[in-house]
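Here the structure is laid out as structure tokens; the discussion comes afterwards.
The values are calculated or read from the model by the stated rules, or taken from the named source; none is laboratory data. None of these values were measured; they are calculated from a predicted model. Neighbour counts run over all protein chains shown; Cβ positions are idealised from the backbone, glycine included.
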Amino acid sequence: MSTPPAPTASATADLHRVVDAVWRMESARIVGALTRVTGDVGQAEELAQDALVAALEQWPESGVPAKPGAWLMAIAKHRAIDSFRRSQNLQRKTVELGRELVQQEGVEEDWAAALDEVVEDDVLRLVFISCHPVLSREARVAMTLRLVGGLATDEIARAFLVPEKTLAQRIVRAKRTLTAARVPFEMPTGADFGARLSSVLEVLYLVFNEGYAATAGEDLTRPALCQEAMRLGRILAGLVPEESEVHGLLALMELQASRLAARIGPDGESVLLADQDRSRWDRVLVNHGLAALDRARETAAGALGPYALQAGIAACHARARSVEETDWAGIAGHYEALAALNPSPVIELNRAVAVSRAYGPAAGLELVDRLLDVPALSSYHLLPAVRGDLLVSLGRDDEARAEFERAAGLTRNERERALLLGRAADCGGPAGLPTD
């Protein structure tokens, strides 16, 4: 009997892409179900990873099953039951699971049945535990992308430009923190629900922003992070459809992402909003974003929240055919409402830009100059960058050049630095980074 030929490199790569796609879609549900039963998110992820390894080992020979998600869940279930049988203290496990110990076979059957239950809130509970306030902001981001997004450790590390070992240690510490804090796998209620949901939205916002405007490195954007944040946002919107701010954040991300292709020139250089070819804006994403914004307004109990207000600003840009036709007064009003909710010097800086467009550069510069002594903006490169733009509009090129050079010295993104030095050179005179 002849041995079947080994799969080609191309076939293996195709299979790995299939497994990866299935894992991204199904991992949160599998990890969520296992966490519900085991009460330990770390153990749940290990069991789910075992199922993934089994798929990589078996599918090359057996082929991809008709229902790959159900296959992975079944394997994870068997691994969980095997782990349960190996437990050295069955009584303790039974008490933790809240079941009476009658005989081992009966308990195992109950445990297996619990894994077969379909609990719609499993994924939402997993989202809330991944973004629990007991974790640092960096740990919440890593855990969400790992457990809910299904990304591998090396993928997350590459996305945030940190060593893989550092990211892996961050995830391990986060799991230990959750275990030590005895964080329950349950839905928060009352006021705690709102606080925990805010933490979840903050994580998605951070992920998206790092993709939309990379803080360091040679690339201006990292679209994969934007895509992942939007995917998780859509999942969340389906899980809590009556939460206005969830739809507001999704609208904001989709409207901003619609401009990604137009933000980068042919050589990877940054293209400012005023210079962007608006025909390159993704109209499908624009329409999705506007629909999500409508949903945010429909579900708002009162005034719009901060994410929906920011989405309203993005919608003003998306609806305009040019910079000149943009409703800048409306944008300034949105920023004023946003500042009333969340006072912030960054919001004030953005409001100053809108005011300058609506009422002239002198009005904008007056607002910007009020921010010059704010400690929180002392190393924020966009403050001198905005001031430079306004000074150029007022014909004060020498001052503008100094501001652009200062901004270039503050940014850690190579593409932004090149853009800012180019702006400085356009102002005339010697352009270069300050040496003091």
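Among the criteria (1) assigned by TED's automatic domain parsing to the domain that holds Gly422; (2) more than 21 Å from Ile313 (Cα to Cα); (3) hydrophobic (A, V, I, L, M, F, W, C); (4) in contact with a Leu (Cβ under 9 Å, 6 or more places away or on another chain), the one Leu383 does not fulfil is (2).
Checking the structure you have, find out if any residue of region 377-397 is buried (at least 21 other Cβ atoms within 10 Å of the Cβ), of a type in the set (S, T, N, Q) and assigned to a helix (DSSP H, G or I). No - not one qualifying residue is present in region 377-397. Would you confirm whether any residue within region 302-322 is farther than 24 Å from Leu225 by Cα, surrounded by fewer than 16 Cβ atoms within 10 Å (Cβ to Cβ) and of a type in the set (Ser, Thr, Tyr)? Yes, that holds for at least one residue.
Pairs meeting the criteria (first residue in region 314-342 and touching a residue at least 40 places away in the same chain (Cβ under 8 Å) and within 16 Å of Ala358 (Cα to Cα), second residue among the small types (Gly, Ala, Ser) and surrounded by fewer than 22 Cβ atoms within 10 Å (Cβ to Cβ), beta carbons under 6 Å, at least 6 apart or on different chains) are Val323/Ala274. The single residue among Val31, Val64 that is outside any helix (DSSP H, G or I), among the β-branched types (Val, Ile, Thr), within 19 Å of Gly150 (Cβ to Cβ) and at pLDDT 85 or above turns out to be Val64.
Restricting region 325-347 to residues that are buried (at least 20 other Cβ atoms within 10 Å of the Cβ) and of a type outside the set (A, V, I, L, M, F, W, C), the residue that is nearest to Leu309 (Cα to Cα) is His334. A single entry from Glu243, Glu254, Glu228 fulfils the requirement of being crowded, with 20+ Cβ neighbours inside 10 Å, without any contact (Cβ under 8 Å) to a residue 40 or more places away in the chain and acidic (Asp, Glu): Glu254.
Do the conditions hold for Val148, that is, is it at pLDDT below 90, more than 18 Å from Thr215 (Cβ to Cβ) and touching a His at 6+ places or on another chain (Cβ under 6 Å)? No, not satisfied.
In summary, Tyr212 fulfils each of the numbered conditions (1) within 11 Å of the chain's Cα centre (by Cα); (2) under 20 Å from Leu147 (Cβ atoms); (3) crowded, with 20+ Cβ neighbours inside 10 Å with the single exception of condition (2). The number of residues in region 235-275 that are outside any loop (DSSP other than H, G, I, E, B), farther than 22 Å from Ala301 by Cβ and either at pLDDT below 95 or of a type in the set (Gly, Ala, Ser) (or both) comes to 10.
Part of a loop (DSSP other than H, G, I, E, B), modelled with pLDDT of 95 or more and at negative phi, is that true of Leu371? Spelling it out, Leu371 is indeed part of a loop (DSSP other than H, G, I, E, B), modelled with pLDDT of 95 or more and at negative phi.
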